[in-house]
Amino acid sequence: EASLQRVLPGRQRLELTYTFLNAYGEESDIEGLAYGANLGPRPLPTGEHPLDWDLTHTLTLSTLLRTKSQYEVSWTTRAGSGRPWTPVHRSSSDLTWPAQGTEMGLVNSERMPWSEVSNLALRWTPRLLRGARVMVAVHNVFDEVTDLTATLGGYPNPIINTLYDEYGAYRTETGHGGGGYWNDANGDGQREWVPVNDPRLRAPRRSVRFGVEVGL
């Protein structure tokens, strides 16, 4: 990790930080892959692969500006490479579905796209309110829609994303995020991918908060 910081008169601050991470191992979960039969050992990957939290490159810019009396503005931007994910291949025949599988040599062999998120906070101390500050905070200022991960465990659902990683297979075959499952949703006798658009797989959208901070 390398960091450059500049402190200016009047309590102004500018900081730039770069972090390089190289986290490799056999498996992030000592119990093996998070999908499979409810009872019995889980399959383990072969060889070493990037672990689930291996964010190779992370760049962070943060600033803090203050006036002598009333105002304080802070800004943070974080940009970095995505988490690793595992491609899952479905059988070419619907007759054998859901007999899909994860090749152990492909564990965490793909990467989510790079992402960026910026946060802004403005604090104002009114002259008439001693000991209190009015706050406006904006998370994800540019409203970036970013896929953070390809899949997650489906518990308590006994089948979808539990026996098999259907979210991972959906992304592998379609290239789309948000998750999906394989089913005949419209009753035409043909099974196809049904998108789920699971919000847990994506970064939170832009949010704005207003509040009052009171010192005790």
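The values are calculated or read from the model by the stated rules, or taken from the named source; none is laboratory data. Note that the coordinates shown come from a computational prediction; the quantities given were computed from them, not determined experimentally. Counting neighbours? That spans all protein chains shown, and the Cβs are built from the backbone with ideal geometry, glycine included. Side chains included, ligands, DNA and RNA excluded: accessible areas come from the protein's heavy atoms. Shrake-Rupley method; radii C 1.70, N 1.55, O 1.52, S 1.80 Å.
Worth pointing out:
- Test result for S207, of a type in the set (S, T, Y) and either exposed (fewer than 13 other Cβ atoms within 10 Å of the Cβ) or more than 17 Å from the chain's Cα centre (by Cα) (or both): yes
- Within segment 153-173, the set of residues being closer than 22 Å to P113 by Cβ and either touching a Pro at 6+ places or on another chain (Cβ under 6 Å) or open to solvent by less than 40 Å² (accessible area, probe 1.4 Å) (or both) comprises N161, D165, E166, Y167, G168, A169, Y170, R171, T172.
- Of everything in segment 94-130 that is open to solvent by 40 Å² or more (accessible area, probe 1.4 Å) and among the small types (G, A, S), the residue that is modelled with the highest pLDDT is S109.
- The single condition among (1) surrounded by 18 or more Cβ atoms within 10 Å (Cβ to Cβ); (2) touching a Lys or Arg at 6+ places or on another chain (Cβ under 7 Å); (3) closer than 30 Å to E48 by Cα that G179 does not meet is (2).
- Of note, H57 satisfies the criterion of being open to solvent by 50 Å² or more (accessible area, probe 1.4 Å), modelled with pLDDT of 85 or more and touching a strand residue (DSSP E or B) at 6+ places or on another chain (Cβ under 8 Å).
- Considering only residues in segment 1-36 that are outside any strand (DSSP E or B) and at pLDDT 85 or above, the one that is surrounded by the most Cβ atoms within 10 Å (Cβ to Cβ) turns out to be L21.
- Residue in segment 116-128 that is over 20 Å from T60 (Cβ atoms), touching a residue at least 60 places away in the same chain (Cβ under 8 Å), in contact with an Asp or Glu (Cβ under 7 Å, 6 or more places away or on another chain) and not aromatic (F, W, Y) present: yes
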